[in-house]
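These notes are about the structure you will find just below.
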Amino acid sequence: MPETTPKGLTRLAFGGDYNPEQWPESVWQEDVRLMREAGVSMVSVGIFSWALLEPAPGAYDFGWLDRLLDLLHANGVRVDLGTPTVVPPVWFYREHPEALPVTADGTRYEFGSRGAICHSNADYRAAAARITTELARRYGDHPALAMWHVHNEYGVPVSACYCDSCAAHFRRWLADAYGTVDAVNEAWGTAFWGQRYTGLEQINPPRVTPTAGNPAQALDYKRFADATIRENFVAERDILHRLSPGVPVTTNFMTALSQCDSLDYWAWGREVDLVTNDHYLITDGRRTHVNLAMAADLTRSVAGGAPWLLLEHSTSGVNWQARNPAKAPGQMARNSLAHVARGSEGAMFFQWRQSRRGAEKFHSAMVPHGGTDTRVWREVVELGASLGALHEIRGTRTRPDVAVLWDWHSWWAQNLEWRPSEDHDARERADSFYEALYDRHLTVDFAHPEADLSAYPLVVVPALYLMTEAAGRNLRTYVENGGTLLVSYFSGIVDEHDAVHEGAHPGALRDVLGLTVEEFSPLLEGESVRVTGPGGVPDLAADVWTEFVVPRGAETVWSYADGLTAGRPAVTRHRLGEGTAWYVSTRLAADGLDAVLARAAEDAGLPPRTGLPRDVEVVLRTGESGTYLFALNHTGTDAEVPLETPGTELLTGERAAGGVEVPAGAVRVVRLDG
Ligand code: GLA
Ligand code: ZN
């Protein structure tokens, strides 16, 4: 069994990407002094260093990295060592220009940035294996080594390549997946529009076509691209396992749905020893702490509930958005501890010392351009101390209340061309349902639609367009055995090949929901409808989508009050076996989602969390060392969070009973007695 925790790390992880090759070695001395001052426990090193480590083919220069690792070790800083395979040196590309990836319209990218890789390219694969082997041999048992950091953020910025070697690789992938060309024809529905193939060798990647391409081909290409990239991770991981036993291997994910959309992290989570994640606030006007919580919950879920590690976030602003606001005072600590509340074993950053040159010089860092006489540095030192005070939570697990189903394959399928409405967006529904649950102070586990759901009183399905028959059966069993299910529209429509399930919609869910959908009836831009509940239940506004729903066992709880579907069911409830299945056939705004959720939560027997203001987040971590209540106040007003059990607040050392004061913008962590 491979190790799953950073070797030799006895504290929560605190530190960042450390790229000292940008500075003379004299600066390194100051770096380690400041690291000690801030309580840095681990740094990520060498992620982009291939060109320095192998300046010419087969000629290695490890001297600087030897000195660096020894220096860090001497200063008590553990090392997360990168394999630098995300940026091969220029000499490699000049020898192997076909290793540069090609876009769907035939453009070949040039060297000069990062992540320009055709993952099918045999020369790239061989070169990556060589440098990984060299590093593993040299540093596999270095005393500073805590874990291996393979590559960097697989899947971005290039999620798929469309070159000829990828075409050949895709055909091999199809042969493995389907066996024969006839099976591919059947799965892709090539009888339509005369797309029938008579040999696998005729099949190409879904390159640019004059109008909509074959959707099942496009979906399979997404699967193929994901699997191909994963093959390269696994190849490096296996080298590291062999040559550096006992050291966990990770690669940094970007689970936030807005930050990477091309990897199936359910599959990736099974391949890494320790799940790590990068998270950056997207400042799009929405509540960034909700997006953060969602990404953290998704990361923990991908880790199967086990502790994971936030490997990158920012001390303040980033530099790759159109507008990059600085973080407010206290926000960095609140962000960090929000990840920790949801299962992270620490908080790390991009990057340690802010660059003076290169593409990311305006990205914040732990040591800003302004040095140590700065607000950011003082907050960094303070955060180091806070994480030091929380060391005993290591190994505890976040306690979930409900599950939300999520599946990258379904998301990919739903985003293909020519759907009933481009205004319907699976991610928007996932975000909105998550936000509604967050606002009810419920902690969310994400789950794959075929996972065992029996532990959850409530399961929410925001938009799961692609659902296998097995997933449909899974949900039916879940409800029959007493679960409460809440399903949003346009779920359970197609199978794994993007083929509509036989019979009326929603094919995978008809029985469990007790209804059929005769027709989708999306609304025009700006159009909305009202839905009316039974006596006393308020009217709700809805937009984007309506449907002609025919109840077949379900009761109608809200109906459409106007529009084409006026008088028909809008929200239904179906008792099945011991449980209940709710269906929402339109896009409800926040108040509507909350109203429906309140009813579903009642069916699920989930008691409402009273006495908690909006934007005061409460999360529990629990394990052998105790139960810890994290209270995060994202508001500008002091708050009091009720405590059922008294305890000790770990950041102030104070006792708390009945409730804990959480000042505006602050975080409190109470170890509950017992
Ligand atoms: C990503 C990368 C880092 C850096 C940051 C900047 O997470 O992994 O190298 O570019 O973004 O936000
Ligand atoms: Zn390629």
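A straight Cα-to-Cα reach below 18 Å connects Lys327 with the aspartates and glutamates Asp278, Asp284, Glu312, Glu360, Asp373, Glu379, Glu382, Asp615, residues fewer than 8 places away in its own chain not being considered.
For segment 337-483, the carbon plus sulfur part of the accessible surface works out to 45%, probe radius 1.4 Å. In plain terms, the chain from Arg378 to Glu30 could stretch by 123.6 nm, reckoned as 0.36 nm per residue minus the Cα-Cα distance. Maximal additional length on extending the Ala227-Gln202 stretch stands at 6.9 nm, based on 0.36 nm per residue less the C-alpha distance.
How high is the FRET efficiency between Glu644 and Phe192 when r is their beta carbon distance and R₀ equals 51 Å, given to the nearest 0.05? For R0 = 51 Å, the calculated efficiency reads 0.30. One decimal place: the segment Lys7-Arg530 gains 182.5 nm when fully extended, by the rule 0.36 nm per residue minus the C-alpha distance. Note on Glu37 and Val550: their simple-model spin labels are 7.4 nm apart, each label 7 Å out from Cα toward Cβ.
The loop-placed trypsin sites (Lys or Arg not before Pro) in segment 494-560, going by DSSP, that have at most 15 neighbouring Cβ atoms within 10 Å of their Cβ come out as Arg552. Calculated accessible area for the chain comes out at 38 Å² per residue, all protein chains present (probe 1.4 Å; ligands, DNA, RNA ignored).
Remark: segment 616-672 carries a charge dipole of roughly 140 debye about the Cα centre, counting +1 on each Lys and Arg Cβ and -1 on each Asp and Glu Cβ.
The values are calculated or read from the model by the stated rules, or taken from the named source; none is laboratory data. It should be emphasised that the depicted structure is a prediction, and the values quoted were computed from it without experimental measurement. Because the Cβ atoms are built from the backbone with ideal geometry, glycine has one as well, and the counts that use them run over all protein chains shown. The area values use the complete protein model at the heavy-atom level, side chains included, leaving out ligands, DNA and RNA. Shrake-Rupley method; radii C 1.70, N 1.55, O 1.52, S 1.80 Å.
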